[in-house]
Amino acid sequence: MTKQIITLSDQAATKIKEIMSSASNESIGVRVGVKSGGCAGMSYVMEYTNKINPNDEVIEDKGVKVFIDSAAVMYLFGTEMDYKKEEFSSQFVFNNPNETERCGCGESFKI
């Protein structure tokens, strides 16, 4: 069996199901990608998607569909997507074994 590009923690899968059920548009899942920016060079991007792009990698894990932007695959391989709820904030967190550096605020990373 080949390893999935990303895996979802139970918390992340539950939160995605929650936000998908309250999405007002015709979304079929969430797309994860990376973009240039932030103090360390790259940041994660997550958005609703209502169509599959021809080059997307589709991950089905714990009853949730996540679409991986083809340009992001090499940066995300082996990553676990988690959802952390803290006292003053809650957010999706990417535990990426490929990161060599992460900025102090946790918003961007370097590979």
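Wholly within segment 40-86, which strands (runs of 3 or more DSSP E) include no fewer than the required count, namely at least 1 residues that are in contact (Cβ under 8 Å) with a residue 12 or more places away in the chain, of a type in the set (S, T, Y) and within 19 Å of E18 (Cα to Cα)? Break it down into steps so the answer makes sense when it comes.
On the way: elements: 42-49, 57-61, 64-68, 79-85.
Answer list for segment 40-86: 42-49, 79-85.
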Practice task
All but one of (1) surrounded by 15 or more Cβ atoms within 10 Å (Cβ to Cβ); (2) in contact with a Ser or Thr (Cβ under 7 Å, 6 or more places away or on another chain); (3) farther than 22 Å from E101 by Cα hold for D82, so report the exception by its number.
Solution key: (3)
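State the number of residues belonging to segment 87-98 that are assigned to a loop (DSSP other than H, G, I, E, B) and surrounded by fewer than 16 Cβ atoms within 10 Å (Cβ to Cβ). Full working, then the answer.
The initial filter retains those residues of segment 87-98 that are assigned to a loop (DSSP other than H, G, I, E, B), namely 87-89, 96-98.
Still in the running and surrounded by fewer than 16 Cβ atoms within 10 Å (Cβ to Cβ): 87-89, 97-98.
Total satisfying the criteria: 5.
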Handout entry: Hits in segment 83-96 - residues which are at pLDDT 85 or above and either among the basic types (K, R) or over 18 Å from M46 (Cβ atoms) (or both)
Key = K84, K85
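The values are calculated or read from the model by the stated rules, or taken from the named source; none is laboratory data. A quick note: this is a predicted structure, and the numbers were derived from the prediction, not measured. Note that we place each Cβ from the backbone using ideal geometry, even for glycine, and neighbour counts take in every protein chain shown.
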